[in-house]
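Report on one structure; see the data block that follows.
The values are calculated or read from the model by the stated rules, or taken from the named source; none is laboratory data. These numbers come from a predicted model, not from an experiment. Glycine also receives a Cβ, built like all others from the backbone with ideal geometry; neighbour counts cover every protein chain displayed.
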Amino acid sequence: MNDADKKRLLREMMFFRRFEDRTFEAYMERKVGGFLHLYSGQEAVATGVLEMANVGKGQENDYVITGYRDHIHAIKTGAQPREVMAELYGKETGSSKGRGGSMHIFDASQNFMGGYALVGQPFPLAAGLAMAAKHKGSDQIAICFLGDGANNQGTFHETMNMASVWELPVLFVCENNLYAIGTHIDRSTAVRDQYKRVCSYDMKASQHDGMDIDTVMEAAKEAVDYVRNEQKPYFIEFMTYRYRGHSMSDAKGYRTKDEEEVWMKRDPIRLYSERLIEAGLVTDDEIKSMEKEILDEIENDVVKFAEESPEPKVEDLNKYVLDDNPDPRWIGPLQK
Ligand SMILES: Cc1ncc(C[n+]2csc(CCOP(=O)(O)OP(=O)(O)O)c2C)c(N)n1
Ligand SMILES: [Mg+2]
């Protein structure tokens, strides 16, 4: 990775942090409604893993799928930040035309196959995407990001088994942030190390520090190459931490300030910026001017676009609903 790429990665992570902070502010201003799950603290995982995958190339991208904490995964895959923000605002120009909101960012043009609200839902969908890629004979792989809590769903075990039996090119990325809403992993899960759980499915698996983007990229490169070249699944786990609450109404009473401080000291953006400063690749002043640029871009491009975009029309309420344009196979059960 050359020096310009390293600087770009730092800028991307800074942009992602500010993007999420700005959505928080928009929510407080009541411009964004519904659920809103923020990714602050976990940036190195999606940024590092997807940096090692095929993204930003439209239909040639690898397939990417995740749960409801999905804004940053969508943007790193190739969705336009302004369209993701417009989606949060519920506007017609949003990536799901304002019908999905925060948990349902989708951008088929970039093979970003969605954010899903149901915990564990993306596992079998990722296996299906991998199977499609295999049948097409393409070298695409499917990458499925999910939390530690999702691994207690039946879909986890069902999918790990079939992905292994069918040798599907799918990378499962477990973002272990130690909590499922307010429940610590030790209270819900017999094994804290999630990568150990797939040994019964004879699948390659490993665990890494998810706060250090260099570690993430190194591990992800090996995993992505393995999945693509061997056409077999891989389960990779990253230890990470979310800095904000689970969703918006969360006083975080279930965790201590001491614990938060330990993880704040390992802030992925701080770690990486200190490393680049030490290596003489960037100065404090440059970082400050990057911050300014990002603030300006988010305010005057991303947020401005969302604010100025039109609301969906009331008469379009049924537009994009299956029964508005019925598929003959479904006529009957779904017809009015
Ligand atoms: C099938 C299902 N059961 C329960 C819920 C409620 N729920 C929403 S998020 C969540 C916790 C998931 O935690 P984890 O997978 O660790 O992801 P994180 O929020 O930490 O990113 C639960 C139980 C849900 N959305 N779907
Ligand atoms: Mg979790």
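Residues in the range 161-177 that are more than 8 Å from ligand 1 (Cβ to nearest atom) and either under 18 Å from Asn229 (Cα atoms) or under 20 Å from the mean Cα position of the chain (by Cα) (or both): Ala163, Ser164, Val165, Trp166, Glu167, Leu168, Pro169, Val170, Leu171, Phe172, Val173, Cys174.
When the range 204-229 is limited to residues that are more than 23 Å from Arg275 (Cβ to Cβ) and touching a residue at least 40 places away in the same chain (Cβ under 8 Å), the one that is surrounded by the most Cβ atoms within 10 Å (Cβ to Cβ) turns out to be Val227.
Taken over the range 178-196, the criterion of being within 22 Å of the chain's Cα centre (by Cα) and touching a residue at least 24 places away in the same chain (Cβ under 8 Å) is satisfied by Leu178, Tyr179, Ala180, Ile181, Gly182, Thr183, His184, Ile185, Asp193, Gln194, Tyr195. Of the residues making up the range 12-58, those that are more than 22 Å from Ala86 (Cβ to Cβ) and in a loop (DSSP other than H, G, I, E, B) number 6.
If you go through the range 190-204 and keep only what is among the aromatic types (Phe, Trp, Tyr) and either at pLDDT below 95 or farther than 19 Å from Tyr241 by Cβ (or both), you end up with just Tyr201. Taking the range 300-318, which residues are surrounded by 13 or more Cβ atoms within 10 Å (Cβ to Cβ) and either of a type outside the set (Val, Ile, Thr) or at positive phi (or both)? Of everything in the range 300-318, those that are surrounded by 13 or more Cβ atoms within 10 Å (Cβ to Cβ) and either of a type outside the set (Val, Ile, Thr) or at positive phi (or both) turn out to be Asp301, Lys304, Phe305, Ala306, Glu307, Ser309, Pro312, Asp316. Scoring Arg242 on the criteria (1) within 27 Å of His208 (Cα to Cα); (2) exposed (fewer than 15 other Cβ atoms within 10 Å of the Cβ); (3) among the charged types (D, E, K, R) leaves a single failure, condition (2).
Meeting the requirement of 3 or more residues that are modelled with pLDDT under 95, no helices (runs of 4 or more DSSP H) wholly within the range 205-324 can be named.
Of the strands (runs of 3 or more DSSP E) lying entirely inside the range 79-186, not one is found with 2 or more residues being crowded, with 22+ Cβ neighbours inside 10 Å, hydroxyl-bearing (Ser, Thr, Tyr) and within 16 Å of ligand 2 (Cβ to nearest atom).
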